[in-house]
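Worksheet: one structure, shown below.
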Amino acid sequence: MMRILVTLLLAALVARHATWAISCAGCVDLDEINFQNTVERFPFAVVKFDIAFPYGEKHEAFAAFSTAAHKVTGELLVATVGIKDYGELENKALGERFEVDEKKFPAILLFKGSVEQFVKFPSHLEVTLDNLKAFVSSNTPLYIGRDGCLKEFNDAIKNYANLPDEAQLSLIEKLEAQQGSGSGKYYVLYMRKIHENGYDFLEEETKRLLRLKAGKVTAAKKLELQQKLNILEAFRVHNLTKVTPEKESSKEDL
């Protein structure tokens, strides 16, 4: 009788999780049989070890990352491993193989062509779409840009804030000819603002956009503001060496 009761409770639990579970478009489900062969077919693989029926903001972020990654590269496998702590304990041994802590799910690993070469997603970082993109971009040659960002523009403006005035003007002229009608225009606009007002513009404009985003705006406007914030983030430098000019900030509405 007790065994029947336990079975019914487990079935109810599974059904409940299945209802909550969120799909992950583009994700490949891996298990102890197909894990190694599948991972090693790709130059790179991002694998999320999680409960059998994942849900919540972290899984939503991983699903969004999968969608974004598939749009820009075919060299990255995005996969999931569902670990069960009941019944036949499916994939539990696989989690133990990679020292996954089930109390700290999800665990996200980036493999580099082999199951022996991998990097773990930093435990101190939140599992967000942008952090996942940054994790892959910083550990591989792949570029999975933030919404609104353009790879060729991001590459061109690295350390822009520290360039001499003449070099900044030359780069503005170059990218202005390539900006088109998309988000390239914002790169050029921010380049001009930083050239005119110095690096302080970056912090001031970031705060301004965050205030607007936190207000009562439409979903479309919120997306536009986030894209601008993402572009601004590309201008940050780890070490500012150029002195900020003392010029009056322009009040032009961005």
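Read the figures in this text as sums done on the coordinates, not as results from a lab. Remember, it's a predicted structure, so these values are computed and weren't measured experimentally. Cβ: placed from backbone, ideal geometry, glycine included. Neighbour counts: every protein chain shown.
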Rounded to the nearest 0.05, what FRET efficiency is calculated for R41 and R97 with R0 set to 25 Å and r the Cβ-Cβ distance?
0.85
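So which chymotrypsin sites (Phe, Trp or Tyr not before Pro) in region 80-118 pass both tests, a DSSP loop state and at most 16 other Cβ atoms within 10 Å of the Cβ?
Details: sites: Y86, F98, F111, F118; in loops: Y86, F98.
Of the chymotrypsin sites (Phe, Trp or Tyr not before Pro), the ones in loops of region 80-118 whose Cβ has at most 16 other Cβ atoms within 10 Å are Y86, F98.
Using the Cα centre as the reference, give the magnitude of the dipole from point charges on the C-beta atoms of the chain (Lys, Arg: +1; Asp, Glu: -1; all else neutral), rounded to the nearest 20 debye. Mind showing how you got there, number by number?
Values: 33 positive and 36 negative charges, 114 e Å.
The calculation lands at about 540 debye.
Counting only helical runs of four or more DSSP H residues, what would the 222 nm mean residue ellipticity of the chain come to if each run contributes -39,500 (n - 2.57) and the total is spread over all its residues? Display every interim value, and only then the final one.
Details: 10 runs with 119 residues, N = 254.
Dividing the helical sum by the residues of the chain leaves -14500 deg cm²/dmol.
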Mind putting together the pair-distance distribution for the chain? All Cα pairs, 10 Å bins, whole percent per bin, short to long.
6, 25, 27, 20, 14, 6, 2, 1, 0
Roughly how tilted is helix 184-197, in degrees to the nearest 10 and between 0 and 90, from the longest Cα axis of the chain?
50
Over region 22-139, what lengths in whole Å, largest first, do the semi-axes of the equivalent ellipsoid take, defined as the square roots of 5 times the eigenvalues of the alpha-carbon gyration tensor?
20, 16, 14
Region 100-171: GluC sites (Glu not before Pro) in DSSP loop, at most 16 other beta carbons within 10 Å:
E116, E126
Note, ³J(HN,Hα) from phi for region 83-100, Karplus 6.51, -1.76, 1.60, rounded to Hz, x at Gly and Pro
10, 9, 9, 9, x, 8, 6, 4, 6, 4, 5, 5, x, 5, 4, 9, 6, 7
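Mind listing which trypsin sites (Lys or Arg not before Pro) in region 149-194 are in a DSSP loop and have 13 or fewer other Cβ atoms within 10 Å? Don't jump to the answer; show the numbers that get you there.
Working: sites: K151, K158, K174, K185, R192, K193; in loops: K158.
Sparse-neighbourhood loop trypsin sites (Lys or Arg not before Pro): K158.
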Please name whichever of T241, F121, A107 sits farthest to the positive end of the charge dipole of region 107-254, dipole taken about the Cα centre and charges placed at Cβ: Lys and Arg +1, Asp and Glu -1.
A107
I33-V72 pseudo-label distance in nm [points 7 Å out on the Cα-to-Cβ vector]:
3.6
Principal axis box of region 151-233, alpha-carbon based, largest edge first, Å:
41, 27, 17
